[in-house]
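So the structure is just underneath, and the comments pick up after that.
Please treat every number below as a calculation from the coordinates, not as lab data. Everything quoted here is computed from the prediction, not taken from an experiment. Every residue, glycine among them, receives a Cβ derived from its backbone with ideal geometry; neighbour counts consider all protein chains shown.
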Amino acid sequence: MFFYYCDLAWRSIRKTPMLSMLMVLAISIGIGITITTLNVYKTMSYNPAGERSEVINSVQLWSQGLDTWDEFISSITYTDAMNLRNNAELSVKAATYRTGLALQSDNPKIEPVLQSVRVTDRDFFKIFSVPFLYGSYWDANVDLRPAYQVVISQKLNLRFFEGKNSVGKTVFLDRKPYQIVGVIEDWNPQPKYYDPLNGAFNDAEEIFIPFSLTAQEEFDVWGNTSGWQFEPMLTYSDRLASEKVWIQFWTELNSEDEKQNYQSWLTRYVEQQRAIGRFTDTAKTPAEAVQISDIDKWLEDNNVVPKDNKILVGLSLLFLSVCLVNILGLLLTKFLKRAPEVGVRRAIGASRGQIFSQYMVEVGMIGFIGGVVGLLWAWGSLTALHSYFSMDQSVTGLDASMWVITPLIAISTAVLAGVYPAWVVCRTKPSVYLKTQ
Amino acid sequence: MFHIKPILSSLMRSKSAPILLLLQIILSVAIVSNASFIINERLSLMQRESGYAEEQILTFSMYNFDPAIDNMKQNQVDQQILRSLPNVIDASYSNMLPLSDSGWMDRYVDGPDADTAKGTPGFAFYLGNEHLLNVMGAKLIAGRNFTADEINTSLDDSGMMALVSQPLAKAFWGEESPLGKTMYQGAQAVTIIGVVDKLQGAWIDHENFEYSVIQNIDFGGSSSNKSYMVRALPEHIPALEETIRKALHAENPNRVLDHFQTLSEMKNLTYSNHRLMATVLSIMVILLLLITALGLTGMVMFNIQRRTKQIGTRRALGAKKRDIIQYFMVENYMICIVGGVIGGMLALVLGQQLMSLYSLPMVPVIYPIVSVIGLLVVTTLAVIIPATKAANISPAMATRSV
């Protein structure tokens, strides 16, 4: 029966080609636009931490003075970073910031390249589950006593060492020798959740060096340095001693208890710092001057999804509803026109249910074709976004979930639009139309 | 005279189709007016004059990694080399690049005592030498530029001077001239010696985008990572990158030169999100009008087919072709106007929501009004063809097939 209805539906669609095309066009454009904006929204709001989202936490401190910044800043000062690193309260912790260095190897044939570099502690690799190809991260005591060790990416390993195990070999960063202790596999989480501050969709760094080298090597900071008071940074030690914030601090908290404990430790820390004249904004209690953010909150606070995108999703849903109303109107007129035919069918024994399902099959078919065409639209517009607006591939690639969401939207739109007309037409009284024949 | 009453009563007899049309128009007005408001806002952001000779400025970054290098001296030598290159009009170091979305922001206060002094709004803080103004192509409208012997090399030198942008001067000093005023950064005094007509900062969406200051520090010696701006005529710029690379690498090979782009390319990139939003919304509006128009045409056509007999009867009873066309036009205008009024109100509500959720400015009433007028035009175009077709129905149709 279903296939018979399909056949009938197809005939009916072909009988009024212009109108059918119009309906397919409307539904497909509506779906195309909705899927495009939803897709961008979905990929941007993706949480790469997955089930570790609540375990991975970052720390923010209200270190600013009275009447300066009125919100928590994502980064902390060097002083605080060092204090938090050196404290035994936490077993897993990593301070991190971004710098850039010129990379060279022993091979003089390969030109030096300026690379963006992540300066961090060994636990960074644990916290963010960075996969290793060869070797591992540096030893725990390197975080305390600086050593020139480095972890590089698979790509750089391929370029400088032809992909062979390069652990133990040497590379030069700003002409200083660093010993390779590990090579990581391709790792490029999108959004770049461990540092969305300088472009949430930038690529991950390919070189990782110990944070403990900071003071002696005076690495440039490739990221935001923000200050709330006048503090000239004439030398690097001015920077390290200043109240300027530029370092992100990460940790693992496995339970609510651990979180509570750490929160109260941080509160005591703030009290202790107040005693020595820091954290001067006394409008905040010490407990309020501490914020621990899991990944969801962190991504939200750092505005990883731009507000433009949210507006577009809203408007495109409204757009889709216009298309829905449009199709509803067209279907209604089309079905009503066929009322005499329905009258005859009803007279020779078709039940209301049969008429209803026959027309719903037709509606579903239009929805299905519209969905397929809409997916093509979406694919086309995402490709255009990528090529004309240099939007990142990771955002404009069609998300896997869209293969489920698109037909779902298409069919439900069509069904919503079709229920009323089909219901109206199945209520046709045979007598009325038989009379006029 | 438009026979509104019979049209109204015929509309009331079969309500569902006109209600759907009404709904569609309400939603369309709400979307179109909000979208076109956002489009207009973005376009006007993009059309702001930057005050720079955008096409003539080539920017690039340089990273020195030779530990033996004396950054201070090297910076001076490099600038000399850049200025002596053929076709180069002028060149200068700058601590930050205009319209680049990254840079320094700072503020001055009007007294040495931090507790009582009043602060200026935050401004983009350019550090540069006497060449910077010329490289930027910015116009000095009062006071003077720095001279070569006034240039400092460190942030803690004395004898600090500043050029301020006109909008900043207006915001802080009002009509009073800022020339000769002394401002402070901590205990350090800065004298204002010039006012620049227009000098945009780095962050296009910042409310203080037009507030900028150039201070007389050639800061290029203090870090290994620097940016330079070179001014040349647009026709000479494509060849310049290679020339610069060669000249600077010949001087010292231990450095990486990168990110060569003109200021107009930079601007293009920085504004790309706004351009994207404007484009996507424009496409949405056009498609929406298209779909509404086509939907309307389709519905009117079907209505006409359904009412063929009535139309024939009316014609047989003496109605002119004009009357038939008028009937359909008035019918649709009525729906359109009612829809437009409700839709306009919905648009304002929607605008209010957007304003409170995303701190967008409120939609001015003119946008819904223009949207309704636009929709009236679209309705006219959509209805006129089927209505003309209906008018051509012969009166004889009325007598057939009864």
- Note on the structure: Checked against the positive end of the charge dipole of region A:50-301 (+1 on Cβ of Lys and Arg, -1 on Cβ of Asp and Glu, about the Cα centre), the farthest of A:N198, A:Y137, A:N86 is A:Y137
- Message: Can you find, among B:L199, B:S84, B:L132, the residue sitting farthest towards the positive end of the charge dipole of region B:66-253, where Lys and Arg contribute +1 and Asp and Glu -1 at Cβ?
- Response: B:S84
- Message: To the nearest 20 Debye, how big is the dipole of region A:50-301 about its Cα centre, given +1 on the beta carbon of each Lys and Arg and -1 on that of each Asp and Glu?
- Response: 880
- Query: If you count, for every residue in B:292-301, the Cβ atoms of partner chains within 10 Å of its Cβ, what is the mean?
  - Reply: 5
- Message: If you consider only alpha-carbon coordinates, what radius of gyration and Dmax does the protein assembly as shown have, in Å?
- Response: 34.2, 105
- The helix A:2-15 Cα axis meets the longest alpha-carbon principal axis of chain A at an angle in degrees, between 0 and 90 and rounded to 10, of 80
- What FRET efficiency do you get for B:V349 and A:F201 if R0 is 35 Å and r is their Cβ-Cβ distance, rounded to the nearest 0.05? 0.55
- Message: I need the calculated FRET efficiency for the pair B:S61 and A:K126, taking r as the beta carbon distance and R₀ as 30 Å, to the nearest 0.05.
- Response: 0.30
- Message: Need the list of lysines near A:K310 for cross-linking: C-alpha distance under 29 angstrom, and skip anything on the same chain fewer than eight residues off.
- Response: A:K42, A:K192, A:K297, B:K267
- Task: Counting residues in chain A as N, plug N into 2.2 N^0.38 Å and put the Cα Rg over that result.
- Result: 1.39
- Message: Give me the three principal axis extents of region B:253-340 from the C-alpha atoms, as integers in angstrom, largest value leading.
- Response: 96, 22, 19
- Message: On the principal axes of its Cα set, how long, how wide and how thick is region B:304-402? Give whole Å, largest value first.
- Response: 63, 22, 17
- All lysines inside 24 Å of B:K246 as judged from Cα atoms, apart from same-chain residues fewer than 8 positions distant: A:K109, B:K73, B:K226
- Item | Of A:M44, A:M82, A:M233, the one that fluctuates the most in a GNM where chain A has Cα springs shorter than 10 Å | A:M233
- Task: Calculate the dipole size of the protein assembly as shown relative to its Cα centre from +1 charges on Lys and Arg beta carbons and -1 charges on Asp and Glu beta carbons; express the result in debye to the nearest 20.
- Result: 7320
- Message: Taking each residue in B:21-29, count the Cβ atoms of any other chain within 10 Å of its Cβ, then average. What number comes out?
- Response: 4
- Environment charge of A:L315, counting only residues whose C-beta is closer than 15 Å and scoring Lys/Arg +1, Asp/Glu -1: +1
- Task: Using per-residue counts of other Cβ atoms within 10 Å, averaged over each peptide, order A:325-337, B:338-350 from highest down.
- Result: A:325-337, B:338-350
- Message: Here is the link list: A:K334/B:K309; A:K244/B:K181; B:K118/B:K170. Which ones come out longer than 25 Å on Cα distance?
- Response: A:K244/B:K181
- Query: With labels modelled as points extended 7 Å from the Cα through the Cβ direction, what inter-label distance (nm, one decimal) is found for A:V404 paired with B:L357?
  - Reply: 2.5
- Message: For a quick check, take a GNM of chain B with Cα springs below 10 Å and name the residue from B:R13, B:R314, B:R245 with the largest mean-square fluctuation.
- Response: B:R13
- Query: If you count, for every residue in A:332-338, the Cβ atoms of partner chains within 10 Å of its Cβ, what is the mean?
  - Reply: 4
- Convex hull per residue volume in Å³, alpha carbons only, for region B:66-253: 128
- How much FRET efficiency would the formula 1/(1 + (r/R0)^6) give for B:L233 and B:R13, where r is the Cβ-Cβ distance and R0 is 56 Å, rounded to 0.05? 0.15
- Query: Summing +1 for each Lys or Arg and -1 for each Asp or Glu, what net charge is found among the other residues whose Cβ lies under 14 Å from the Cβ of A:E71?
  - Reply: -4
- In the neighborhood of B:N208, defined by Cβ-to-Cβ distances under 13 Å, what is the net charge if each Lys or Arg adds +1 and each Asp or Glu adds -1? -2
- Task: Give me the aspartates and glutamates in straight-line cross-link reach of A:K15: C-alpha distance below 20 Å, same-chain residues under 8 apart excluded.
- Result: A:D7, A:E341, A:E362
- Provide the packing ranking of B:265-271, A:405-411, i.e. peptides ordered by the mean count of other C-beta atoms within 10 Å per residue, highest first. A:405-411, B:265-271
- Query: Given +1 on the Cβ of Lys and Arg, -1 on the Cβ of Asp and Glu, and no further charges, what dipole in debye does region B:175-281 carry about its Cα centre, rounded to the nearest 20?
  - Reply: 280
- Task: Could you check what % of the DSSP bridge pairs in the protein assembly as shown are antiparallel, to the nearest 5?
- Result: 75
